[in-house]
Amino acid sequence: MTPDLQYLTYTAILTAVLWIPYVISQVSANGFLEPVNYTDPEPRPVPLWGKRAYRAHLNAVEVFSAFAALVIVAHLTGCANAMTARWAMLFFWFRLAHFVVYMFGWPYIRTVIFTVGFVCIMGIAWEIVT
């Protein structure tokens, strides 16, 4: 497996598990769902960290498709190289950092980390088109 695809796999796994902290916050605020209220629960508000976990997960899902598409295109067209691998690696680590920073509620650092992640996506796109 190429490094690009390896980091695509890591990013997919990360994105797939980022819902867990939100569910933990839901359970901590509302308890486990009972059969009676499973279809239409009346939830109490979740803690702020739970809301941030939910938004961080949504953000990860939103940017994953562009990243995945470009890594796959680079691989299929033979454009994958050391730079696309580096961009993919950086994207993964910045997505992980973005989640952590989002969970702690650090506002300005989060924007910088998100922007660097976007630059990583554009770096892969640049390698494909040039």
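The numbers here are math on the coordinates, done by the rules we state, and not lab data. Bear in mind the structure is a predicted one, so any value in this text is a computation, not a measurement.
Dividing the helix sum by the residues of the chain, where each DSSP H run of 4 or more adds -39500 (n - 2.57), gives a mean residue ellipticity at 222 nm of -27000 deg cm²/dmol. Across the chain, the relative contact order, built from alpha-carbon pairs under 8 Å that are at least six residues apart, equals 32 percent. Karplus-derived 3J(HN,Hα) values for the range 67-80, using 6.51 cos²θ - 1.76 cosθ + 1.60 with θ = phi - 60°, are 4, 4, 4, 5, 5, 5, 4, 4, 5, 5, 8, x, 8, 5 Hz; glycine and proline are entered as x.
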